Every structure is written in structure tokens, then in C-alpha cells.
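Pasting a structure below so you can have a look.
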Amino acid sequence: MALENLIVFNKAYSLAMEVFEMTKTFPPEEKYSLIDQIRRSSRSVCANIGEGYRKKIYPKSFVSKLVDADGECAETIVHLMFSKDCGYIDVAYFEKIRNGYLEVGKILGAIINKPDNFLN
């Protein structure tokens, strides 16, 4: 199975692209702080899933990278909270994106707890 066929990767990728588009509306003074941080963490979710998937012949490395991806989900949610509380996004949009990242986190947690289904 190719990386692009993984549901969790596709959900995370779609969310990262949504974060990218969302941050285009943020004020310029956030360019090197909140914009940079949230874009990095959202993209890192996908990157860690990809790296872990390529390391799936090594079970501990596979799980470790998925744990990193889950951590990046949590970091992205914190940046979304700042985005909401600074008034850059409204509550409904925050909830939509946050729920997407919570879903990605749940899927990652399920894989982390039962990685054998994905190992070679």
C-alpha cells in the first residue's frame, strides 16, 4: 500500500493544506511566529507519518514516528487555540479544524496501540 492510500495521511495532509490557506489571512506581524509555527507543526504531522510508514520494517521506529506525528497534532491544536484567542479565526472554524486533528490523533493512537496491522 502506498503512503497516499493511508486514510490518516490523507486527512492530515488535507488539514495541513487547510491550515496553510487559513494562515494567509493572518496579520503580517505573525509571519515569523504563529504562521511559521502552525504551518510547520501541521506539515510535520504528515512528514512523520510518511517517515514512519517507510520505516515500518522496524516496528519500534514505526511507532516512534507515529508518536511524533501525534505530538505534532497536539502542537497544532495549541497553535489553533492561539489563532482563535487572538481573533484570527472564529470559534466554529477552530472547532472544525481542531476536530479534524483530534480525529487524526485518534487514528494514530489506534495504529500505535496495534501496529501489527501495518507492519511488513
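Here's the yes/no breakdown for (1) within 30 Å of ASN117 (Cβ to Cβ); (2) outside any helix (DSSP H, G or I):
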residue: SER61; (1), (2): yes, no
residue: SER64; (1), (2): yes, no
residue: ASP68; (1), (2): yes, no
residue: THR76; (1), (2): yes, no
residue: SER83; (1), (2): no, no
residue: ILE89; (1), (2): no, yes
residue: PHE94; (1), (2): no, no
residue: ASN99; (1), (2): yes, no
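Give just the number: which of (1) surrounded by fewer than 18 Cβ atoms within 10 Å (Cβ to Cβ); (2) among the hydrophobic types (A, V, I, L, M, F, W, C); (3) closer than 20 Å to ASN99 by Cα does VAL45 not satisfy?
Condition not satisfied by VAL45: (1).
Hey, another quick one. Here are some conditions: (1) crowded, with 18+ Cβ neighbours inside 10 Å; (2) outside any helix (DSSP H, G or I); (3) not acidic (Asp, Glu). TYR13 meets all but one. Which one does it not meet?
(2)
Of the residues ARG43, ARG98, which is charged (D, E, K, R), in contact with a Leu (Cβ under 8 Å, 6 or more places away or on another chain) and at pLDDT 95 or above?
On inspection, the qualifying residue turns out to be ARG98.
Look through the stretch 26-42, keep the residues that are more than 15 Å from the chain's Cα centre (by Cα) and touching a residue at least 40 places away in the same chain (Cβ under 8 Å), and return whichever of them is surrounded by the fewest Cβ atoms within 10 Å (Cβ to Cβ).
PRO27
Report the residue count in the stretch 101-119 for those that are part of a helix (DSSP H, G or I) and either among the acidic types (Asp, Glu) or free of Cβ contacts under 8 Å to residues at least 60 places away in the same chain (or both).
Residues flagged as part of a helix (DSSP H, G or I) and either among the acidic types (Asp, Glu) or free of Cβ contacts under 8 Å to residues at least 60 places away in the same chain (or both) within the stretch 101-119 amount to 11.
Here are GLU72, GLU95, GLU51: which of them is surrounded by 21 or more Cβ atoms within 10 Å (Cβ to Cβ), among the acidic types (Asp, Glu) and out of contact with any Phe, Trp or Tyr (no Cβ under 8 Å at 6 or more places or on another chain)?
Checking each option against the conditions leaves just GLU72.
The values are calculated or read from the model by the stated rules, or taken from the named source; none is laboratory data. Keep in mind that what you see is a predicted model, and the values were worked out from it rather than measured. Because the Cβ atoms are built from the backbone with ideal geometry, glycine has one as well, and the counts that use them run over all protein chains shown.
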